[in-house]
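Here is the structure we will look at, set down as structure tokens.
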Amino acid sequence: MEHKAISIRPFIGAENFEVSRSFYRDLGFEEKVLFHNMSLFRTGTLGFYLQDGYVKDWIDNTMVFLEVEDVESFWKQLQDLDLPAKYESVRLTGIRNFEWGRECYLHDPSGILWHFGQFNNQGNMASSVASQTGKRGSQTQK
């Protein structure tokens, strides 16, 4: 099958929709309200849907990987935002190095785990990342 994809947009939930909307705007995403209970958040051509829905098992097992150009610079910007001071349950975990590259971590207000990573090369990225990040929480500190 030949994919002629334009984008891929995961749906993520929110325990408190208004808090999560504010969080993602503070994180630098542009919001487009679609419905009273769903927004599209974008950065450049990439995006995801935030919905006013919370199922603990779903949220606790949701991870999103966003590849960034320079993880060191991104980490410094994350720290400067001081999101854990503004949002009670937000947690940051610093840069970790792996054979495939480097990444840092952020738990959103609902508990979704974001990975912000930079690859060493364009080689076998998918299997390397999956082998290193397959166990939720093994890379983060609670």
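Bear in mind these aren't lab numbers, they're just calculated from the coordinates by the rules spelled out. Every value quoted in this text rests on a predicted model; they were computed, and no experiment measured them. Here the Cβ is made from the backbone with ideal geometry for all residues, glycine too, and neighbour counts use every protein chain on show.
What the table shows:
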{"item": "Residues being touching a residue at least 40 places away in the same chain (Cβ under 8 Å), surrounded by 15 or more Cβ atoms within 10 Å (Cβ to Cβ) and touching a strand residue (DSSP E or B) at 6+ places or on another chain (Cβ under 9 Å) - total across region 66-95", "result": "9"}
{"item": "Identity of the residue in region 13-29, surrounded by 14 or more Cβ atoms within 10 Å (Cβ to Cβ) and out of contact with any helix residue (DSSP H, G or I) (no Cβ under 8 Å at 6 or more places or on another chain), that ends up nearest to Gln51 (Cα to Cα)", "result": "Phe17"}
